[in-house]
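As structure tokens, the structure follows; a few thoughts come after it.
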Amino acid sequence: MAMALLSVGLLALLVFLLGANVSRERGSVIKTQHEAEADPTSSLRKAIRAHGNCIEYVPMLSVLILAVGLRSPLLPLWAAALMVVAVASRYIHAAGVLTGESVYKGNALKAAGAVGTYLTGIILSGVLVGKAAALF
């Protein structure tokens with residue numbers, strides 16, 4: 001359960017750090033905020049997109065991680081590793097969005113983070129469905 005709690009805490013930290021980054025970027029725009037938000041290469045637009053994408057996935061990943069952690073208090077190594085990969089994937093994806101050329105252009109970090117997020121989310125979902133099926 002400790003790994004599940006640590007994972008969720010790190011995911012929550014990412015949400016708040018990315019949110020604070022959006023606020024910081026909004027305060028430093030030289031153009032009007034509307035122009036900066038519309039420009040796919042602006043640091044404000046990248047900050048908003050990184051935060052928004054994080055918000056799209058972190059809540060469900062957190063629920064899945066906590067549920068697996070509650071069902072398996074003594075996590076097997078594979079489950080703990082899965083949680084680490086899920087958290088790392090979200091941080092990697094955010095780094096890819098923030099450092100990319102444009103929010104519309106893909107890069108290796110964004111791709112790796114997205115693939116890691118999808119795979120870990122699907123596997124965690126499958127684990128819970130399997131645990132639920134075993135209860136019937």
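Read the figures in this text as sums done on the coordinates, not as results from a lab. None of these values were measured; they are calculated from a predicted model. Because the Cβ atoms are built from the backbone with ideal geometry, glycine has one as well, and the counts that use them run over all protein chains shown.
Quick check for you: which residues of segment 95-111 have the amide N under 18 Å from the point 7 Å beyond the Cα of R24 toward its beta carbon?
95-100
Each label point is 7 Å from the Cα along the Cα-to-Cβ direction; what then is the distance between the points at A112 and S43, in nm?
It works out to 2.4 nm between the two label points.
Could you please tell me the mean projected area of the C-alpha convex hull for segment 51-102, averaged over all directions and given in square nanometres to one decimal?
Seen from a random direction, the Cα hull of segment 51-102 projects 3.8 nm² on average.
After finding the eigenvalues of the alpha carbon gyration tensor for segment 1-65, what semi-axes result from the square roots of 5 times each, listed largest first in whole Å?
Numbers: eigenvalues 173, 24, 7 Å².
They are 29, 11, 6 Å, listed from largest to smallest.
Show me the trypsin sites (Lys or Arg not before Pro) within segment 84-129 that DSSP assigns to loop and that have at most 13 other Cβ atoms within 10 Å of their Cβ. Working shown, then result.
Details: sites: R90, K105, K110; in loops: K105.
Passing both the DSSP loop test and the Cβ count: K105.
Once the convex hull of the C-alpha atoms of the chain is built, how many Å³ does it hold per residue, rounded to a whole number?
Numbers: hull volume 12.8 nm³, N = 136.
It is 94 Å³ per residue.
How large is the charge dipole for the chain, taken about the Cα centre, if only the Cβ atoms of Lys, Arg (+1) and Asp, Glu (-1) carry charge, to the nearest 20 debye?
The dipole magnitude comes to about 120 debye.
Per 0.36 nm of contour for each residue apart, how much would the distance between A133 and T99 grow if the chain were fully extended, relative to their Cα-Cα spacing?
8.0 nm
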